[in-house]
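Right, I'll just put the structure down here and ask away after.
Every number in this text was worked out from the coordinates using simple rules, so none of it is lab data. Note that the structure is a prediction, hence the values are computed from the model and not measured. Cβ coordinates were reconstructed from backbone atoms using ideal geometry, including for glycine residues, and neighbour counts include every protein chain displayed.
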Amino acid sequence: MTPTPQRLDPALERLVRTMPKAELHIHIEGSLEPELIFALAERNGVALPYPDVETLRAAYAFSDLQSFLDIYYAGASVLRTEQDFFDMAWAYFERAHADAITRAEIFFDPQTHTERGVPFEAVIRGLSRACEQARAAFGIRASLILCFLRHLSEEAALATLEAARPWREHFIGVGLDSSEVGHPPEKFARVFEKARALGLHVVAHAGEEGPPEYIRNALDVLRAERIDHGVQALKDPALVARLAAERIPLTVCPLSNVKLCVFEDLSRHNLRELLDAGLVAMVNSDDPAYFGGYLNQNFVETFAALGLDAGHAYRLARNSFEASFASAEEKASDIAALDRHFEACGFAVPE
Ligand code: ADE
Ligand code: ZN
């Protein structure tokens, strides 16, 4: 039986919206709102197969990951210049600031752009400049994670890593995204090994639609430090026990999972079970322009649907900081700020 969605208590909603938090799973191309797609299409003389914003938005009805990716790559085709990448990321940072995000580790998909002839340099310069400006204007500590498209070959991923090497200081890690099923982590063993040798952090999408085996192989073959999504892990109790014991973070994206039909509705989402199993899960927005909301929308809707409380809010925010790639000192300072916020809002800091 589906539980009746609850309305969030106003004090809990205020706490959740205003508490400091990190976002660790956001594809910057997935923050491209239809209005900006049309503005950039006009600026760059790109023809779109949709007459207007409303028609484009109406096409955001997905049946699975692939049906979304087809429209997501079409939307990204309007990005051409360094300024376009800056404008896209800046729009995200304004929303992130409004959602009390104080740290962000942001995915970008260079192959989506270099395949169309956009220089890697334009992508990375535009995004990096927005990250620097977000720190100056909002105090948001933002870093970039370069994702390889898993529907393309490992050779293409190796060439992308090579093209990115001169820009090594501008990103902190590599990830793996795009069509999951049929493109297992082991396809990218060599490129991830090279990335690790460069001192880059390593994450991978696994167990979004794909089986628990993909999560295991992301850990064992790619040596992923975090699993993006990972919600299919619950199908495999031994894997859950391992994820808990090794404290492998899962960057869970509730609204995305519902939009892409991984769960029938939010009340069926397994976030509560993941937390009850002792996993280091947290909430993220994935592709907020396509999935019905940014980070706080994910929090508020998920809390209402699953009946989560202030203890869950604390755990999710704390997990987001602990799972980040910040230094131990930065994490301690992020968590101290979270504790202060709970106390200032009149909520006890859980043990
Ligand atoms: N690229 C952008 N969003 C994605 C998702 N949810 N899964 C895989 N690849 C993606
Ligand atoms: Zn994702």
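Name the aspartates and glutamates eligible as straight-distance cross-link partners of Lys194: C-alpha to C-alpha under 13 Å, and not fewer than 8 places from it in the same chain.
Of all the aspartates and glutamates, those that pass the test against Lys194 - Cα under 13 Å, at least 8 places apart if same chain - are Glu154, Glu155, Glu162.
Which residues in region 13-40 place their backbone N less than 20 Å from a point set 7 Å from the Cα of Ala344 along the Cα-to-Cβ direction?
13-23
Just from its helices, what would the mean residue ellipticity at 222 nm be for the chain, if runs of 4 or more DSSP H residues each count -39500 (n - 2.57) and the sum is divided by every residue, rounded to the nearest 500 deg cm²/dmol?
The per-residue figure over the chain is -15000 deg cm²/dmol.
Treating cross-link reach as a plain straight distance, find the lysines whose alpha-carbon is under 20 Å from the alpha-carbon of Lys235, omitting any fewer than eight places away in the same chain.
In chain and number order, there are no partners.
Something else now. Between Glu154 and Val53, what is the label-point separation in nm under the 7 Å Cα-to-beta-carbon projection?
4.5
Now, a different point. Can you figure out the FRET efficiency of Asn44 with Glu246, using R₀ = 45 Å and their beta-carbon distance, to the nearest 0.05?
Efficiency, rounded to the nearest 0.05: 0.50.
Amide H of Ala281 versus every other amide H placed in the peptide plane: which residues, excluding those fewer than 5 positions away on the same chain, fall under 5 Å?
Leu250
From Cα pairs below 8 angstrom and at least 6 apart in sequence, can you work out the relative contact order of region 149-212, rounded to a whole percent?
Reported relative contact order: 41 percent.
Where in region 21-49 is the amide nitrogen less than 13 Å from a point lying 7 Å along the Cα-to-Cβ axis of Gln83?
Under 13 Å, as judged by backbone N against the label point of Gln83, lie 40-45 of region 21-49.
Which of Ser153, Ser77 comes first, and how do the rest follow, when ranked by fewest Cβ neighbours within 10 Å?
Listing Ser153, Ser77 from fewest to most nearby Cβ atoms yields Ser153, Ser77.
I've got another one for you. Binning at 20 Å from 0, report for the chain what percent of all alpha-carbon pair distances ends up in each bin.
31, 61, 7
Which ordering of Ile227, Ile215 is given by a fewest-first count of other beta-carbon atoms within 10 Å?
Fewest-to-most ranking of Ile227, Ile215: Ile227, Ile215.
Still on this structure: Give me a comma-separated list of calculated 3J(HN,Hα) values for region 169-183, in order, Karplus coefficients 6.51, -1.76, 1.60 applied at θ = phi - 60°, integers in Hz, x for any Gly or Pro.
My calculation for region 169-183 gives 6, 8, 9, 9, x, 10, x, 9, 9, 6, 4, 7, 5, x, 10 Hz in order.
Using 0.36 nm per residue, how much length does the chain from Gln133 to Ala61 gain when fully extended, once their Cα-Cα distance is taken away?
22.5 nm is the gain from fully extending Gln133 to Ala61.
Continuing with the same structure: Between region 16-71 and region 304-340, what is the separation of their alpha carbon centroids in Å?
What the calculation gives is 28 Å, centre to centre.
Rounded if a/c is under 1.5, else prolate if a/b beats b/c, else oblate: with a ≥ b ≥ c from the C-alpha gyration tensor eigenvalues square-rooted, which is region 197-351?
Oblate, since a/c reaches 1.5 and b/c is not below a/b.
Residue-wise, which Karplus ³J(HN,Hα) couplings in Hz belong to region 113-120, taking 6.51 cos²θ - 1.76 cosθ + 1.60, θ = phi - 60°, and x for glycine or proline?
Calculated HN-Hα couplings, in order: 9, 5, 4, 9, x, 7, x, 3 Hz.
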